[in-house]
């Protein structure tokens with residue numbers, strides 16, 4: 001995944017607003033990312049698409065999924081704004097990005 005294209009999001013859809021805060025996102029290069037924050041733990045995973053079962057060994061071991069970044073902010077918190085999540089994860093919205 002190209003570093004610039006892999007870090008700029010063109011479409012973000014919030015799928016849960018709190019406990020956990022999570023979003024489906026697509027980079028400008030078309031890569032699907034799963035963004036999640038729960039108990040102060042944040043992670044960005046890449047998958048072939050939102051329909052991939054993220055927890056299956058086949059997905060991870062078969063190279064269909066992977067971890068882009070994760071962190072523990074030590075707060076134990078359950079919700080985070082998209083802006084704060086992107087800043088910590090090193091991601092950004094592309095100009096004209098769709099956010100819903």
Mind checking which pairs have a first residue in segment 14-32 that is without any contact (Cβ under 8 Å) to a residue 24 or more places away in the chain and a second that is loosely packed, with under 13 Cβ neighbours inside 10 Å, Cβ under 6 Å, 6 or more apart or different chains?
32/49
For strands (runs of 3 or more DSSP E) lying entirely in segment 11-100, having 2 or more residues that are surrounded by fewer than 13 Cβ atoms within 10 Å (Cβ to Cβ) and at pLDDT 95 or above picks out 65-72, 92-99
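The values are calculated or read from the model by the stated rules, or taken from the named source; none is laboratory data. Fair warning: this is a prediction, and the values are worked out from it, not measured in the lab. Don't worry about glycine lacking a Cβ; one is built from the backbone with ideal geometry, like all the others, and counts go over all protein chains shown.
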